[in-house]
Structures are given as C-alpha cells and as structure tokens.
Amino acid sequence: MVSVNMLLFNSEYMDFGEMDRCCHHYGALFWYAERLAMSKQSSNPKFSKCCLQGKISVPLFPSPPVLLQNLLSGIDPRSRHFFEHIRTYNSMFAFTSLGGKVDANMNDGGGPSQFVISGQNYHRIGSLLPTEGQKPKFAQLYIYDTKNEVANRMGHFSERSSRSSLDQSLVNDLMKMIDESNVFAKTFRRVRDHIEDGVENVALRLFHNRHQNPNSYNLPNVDEVAALIVGDFDSSDCGRDIIIRTQNGYLQRIPKYHVSFLPLQYPIIFPYGNGKYAKGISFSIESTNDCDWKREGVSFREWVAFRLQERGNECNMLIRSRRLLQKFVVDCYSMIESGRLFFYRNRQHIIRREVLSGIQEAIDRGDTNAATIGSRIMLPSSFTGGRRYMFNNCQDAMAICKAFGYPDLFITMTCNPKWPEIERQIAKHGLSTYERPDIACRVLRAKLDQLMADFRKGEFFGKTMAGTLTFVSY
Ligand SMILES: [Zn+2]
C-alpha cells in the first residue's frame, strides 16, 4: 500500500549539478553526490573510487605526442575522422591480436556503437617474420617489408572497411609518431635492422619484471622492456618473459599480467609504451601508516579504476578515445573476471567444503552421486552473477518476505542517457553517451544511492521495515 506521503513529494527533477568536485589526492573529478558516506555533511567531501583516498599512487599519464594532442584538441583537421576510426587505427599499429570473439552483428542496426566479445579473451603475438606466403600482421609489420609499410598496414583493413575511408597521410604521421615515441616500436625496429643486416637466427625477449620501478614517472627505455638475442639460446630459464622467435608459424599468448600486455595492444592509448599495470605497484606511504591496511599490491581492478578517471591535470587520452575506450573497458573487464575465475579455480578445496555443508543445496545441484563430483568448478556466492550468488540473493529476498511480508512495490531503475548531468558532461568534449559508458554508470549509481537514501529516510513510503537487513546488489 502506497503511503499518502508519496503525494507530498517534490516532483521537480533533482539535478546533481556539475562534475566539479576534485579528489585532493590525484585530482580526479566527481559529482558531489558521489562523496563517501562519512563525509556526507562535510563541505570538504572525500572520494574513494579513484585512488582509495590516496592509497593508490600510480603515475599520471604524461602528455601525449604533439600529433595526438592536436587530434585530441581538434586543432588537426583530421581529428573527427581519426576518432571515427580510432579502433581501426589502433589495430593497425597494435603489436598483438585480440583473441576474444568479437560480435560485430551488434552494430548492424541503427543503435549506438557497441563492442561485444564472447568466449575467453586473450592477446596473442606471432613470430618476428611471417611464414612463407603469408602477409605480415601486427608486430611483423614493424619488421617485414617496411619499404611498403603504409600500404601493408592499410591493406589489412581494406576488406573490413572501405580503404578509401582511411587517411594515408594520417597513417604516415601516426607511424612516424609511434616510431619516435613508442619503446616497443623502437625494439621491433632494432630487430628489423638486424635482419636486414643478414642476421637470420634472432629472437626477442620481452621482459616481465626488468622494468623500472612501476611507481616511477620516467619513461622506459628499450633495454628495460626487451632484449635481442642473436643465435641459439636456452629458453628454459626465461620465467614469465615472452620469447618471440624469428619464424615458428604459431601464435603465443601474452600472460594477462605481463607488464607489456596493454601497451602492446593499445599503442594509441599508451603512445610511449609505458603506463602499464604491474603486480609490483605498491600502495602509497599513507596506507603503510594505516594499521588496518594489510594488502601489499594494487589490484588490476583498482589500477583500471584509477586510470578511468577524468582529471584536470591529465591529458585524458584514455577516456576521450571514444570507441577505443569501449574496447579497452571490455578488454579490462574480461581480464578482471578471468582473474577472479582463476582465483576460485585454485581454491576449490575451500569452496567445495563450504558448498557441501548445505545438504539441500548439494541435492539441488545434482550431487547425489559421489562419482559425479569430479573436476567440476564451483563458484562461490561472492562471485557476482554466478549461480550461487543468484540463489543466495533469492533466498535473502524470500527470507525478508517471510519476516516482514510481501513488498508493495517492485522498482526497476534504468539509466536515461538524456539525464542533464550526463548530457552536460559529455558535451564538454563533444562526445556521445555511448562513448563515455563510465559517466552513464556513475550517474546511475549516484541516483540509485540517492533513491535508496530517500527510501530509508522514510520521506515517501514511511518507515523502512527491512532497510537495515536487506542486502542491495547493483
Ligand atoms: Zn582520488
């Protein structure tokens, strides 16, 4: 039954205002509504989604090369064309291929552009030279037949997109920019020089942990990311380094936590080949003084959250890369999820014991025969979207109904891309809502939190009966 208080509420739209609040640690911009609960009443609000209140200390992106700056600011007349085809231009210069199955059918209709992948996602790299009769691809383009490099690069995309839609002068300029600034391009060019000098048996070793301190601001040099090995060598002690042979005809996977994983796939976002995630990134000194803070290294999810912030003191190349941002976000999320799945796979002995403690649940799952309990992988209820997660939430909902009675309303809240907060923010850079999925998600989350707060305060529907007991999942 709806309370009469509902009739008294203010029907005007509640605008959050501008995204003009600043995290005082690394300058990430927020809406006031996104502040932490502990600073709700404060005129100096605190934010945590960017850097965990200063605990994450990752170098900001350096200013990109002049060409990218001009494209980003619109000074270059090819700016509009570049951002329309940014995924193509990025793939043209990428050193690795994306292993996930990209579903292009989603973009056939008139809806906004989407990036959808299915199956297991991974990045792969081939040999230094293509096999006989094959065209060079990805990193091989930096080494093989470089006299016709622009034509080779553009030739790959002539089938997928109209060749005439790509700008040859832009390809040329991007190639020069990457040659001058990207540490991986310099490395592969070195290989080309050796092969052109007649050295046949050569291999490239991409280091996993020989990089400079990941908390450092300095740009890496060629010797820190890779080594050129001439002649035969024993690769048994290479650890997690990647060895790329001259010509072996197969693709090898790049481990997802290899420091070169993202810079090799996104040369436009990481034009210098730096800014990578490394497991050795430590928390800041502030957190070491915090007695409750036990963790040692920044997780990949936290690193991505730090990167996906808009800052007044950063060039914001990543979040303004439009369709490339979509690809980056999907790619990173698949990495985060596969990391979680790997975590649970290695802790099955703990999870299984927990599962089998509930006899009813084991029977529901079909584990009545001991022989069927083989190599099945169990996902615990803490894995969002998993079967046990859904089951537990359903049980919680049923328990609440049993204790407090059935609900009067079942409310579903969806994001409206025309909300003024979203439109104002994306208009600042001339973007569309689908090109800034982070903004849409953040506004929806803030509005949902506001809605829940209003309900709990009892303004509209009276006192909340089960508010302190419910677990709200987003
Ligand atoms: Zn911050």
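The values are calculated or read from the model by the stated rules, or taken from the named source; none is laboratory data. Predicted model only: the values in this text are computed from it and were never measured. All Cβ positions, even for glycine, are placed from backbone atoms using ideal geometry, and neighbour counts span all protein chains on display.
Worth a mention:
- For Ile422: the one exception among (1) under 30 Å from Phe82 (Cα atoms); (2) modelled with pLDDT under 90: (2)
- Only one of the listed residues (Gly198, Gly111) is without any contact (Cβ under 8 Å) to a residue 24 or more places away in the chain, over 17 Å from Leu251 (Cα atoms) and under 24 Å from the mean Cα position of the chain (by Cα). That residue is Gly111.
- The set of residues from region 296-314 being more than 19 Å from Pro64 (Cβ to Cβ) and among the aliphatic types (A, V, I, L, M) comprises Val298, Val304, Ala305.
- Sub-6 Å Cβ pairs linking a first residue in region 420-433 that is closer than 17 Å to Ser321 by Cα to a second residue that is aromatic (Phe, Trp, Tyr), at least 6 apart or interchain, number zero.
Residues checked against (1) at pLDDT 80 or above; (2) closer than 19 Å to Arg124 by Cβ; (3) touching a strand residue (DSSP E or B) at 6+ places or on another chain (Cβ under 8 Å):
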residue	(1), (2), (3)
Asp167	yes, no, no
Val191	yes, yes, yes
His194	yes, no, yes
Ser235	no, yes, yes
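- Selection count where residues are within 11 Å of the ligand (Cβ to nearest atom) and either over 13 Å from Gln309 (Cα atoms) or touching a residue at least 40 places away in the same chain (Cβ under 8 Å) (or both), scope region 24-33: 5
- Residue in region 109-132 that is in contact with a Ser or Thr (Cβ under 6 Å, 6 or more places away or on another chain) and assigned to a helix (DSSP H, G or I) present: no
- Any hit, region 5-21, residues being assigned to a loop (DSSP other than H, G, I, E, B), within 16 Å of the ligand (Cβ to nearest atom) and either at pLDDT below 80 or buried (at least 16 other Cβ atoms within 10 Å of the Cβ) (or both): yes
- Hits in region 290-344 (condition: in a helix (DSSP H, G or I), within 26 Å of Gln53 (Cβ to Cβ), among the aliphatic types (A, V, I, L, M) and touching a Leu at 6+ places or on another chain (Cβ under 8 Å)): Leu325, Val329
- Contact map, region 42-58: residues that are part of a loop (DSSP other than H, G, I, E, B) paired with residues that are polar (S, T, N, Q) and near the ligand (Cβ under 7 Å from one of its atoms), Cβ distance under 8 Å, separation 6+ or inter-chain. Pairs shown: Lys46/Gln53; Phe47/Gln53.
- Qualifying residues in region 49-106 (those that are under 25 Å from Pro220 (Cα atoms) and aromatic (Phe, Trp, Tyr)) - the one nearest to the ligand (Cβ to nearest atom): Phe61
- Region 33-45, subset farther than 10 Å from Arg21 by Cβ and not aliphatic (A, V, I, L, M), residue surrounded by the most Cβ atoms within 10 Å (Cβ to Cβ): Ser39
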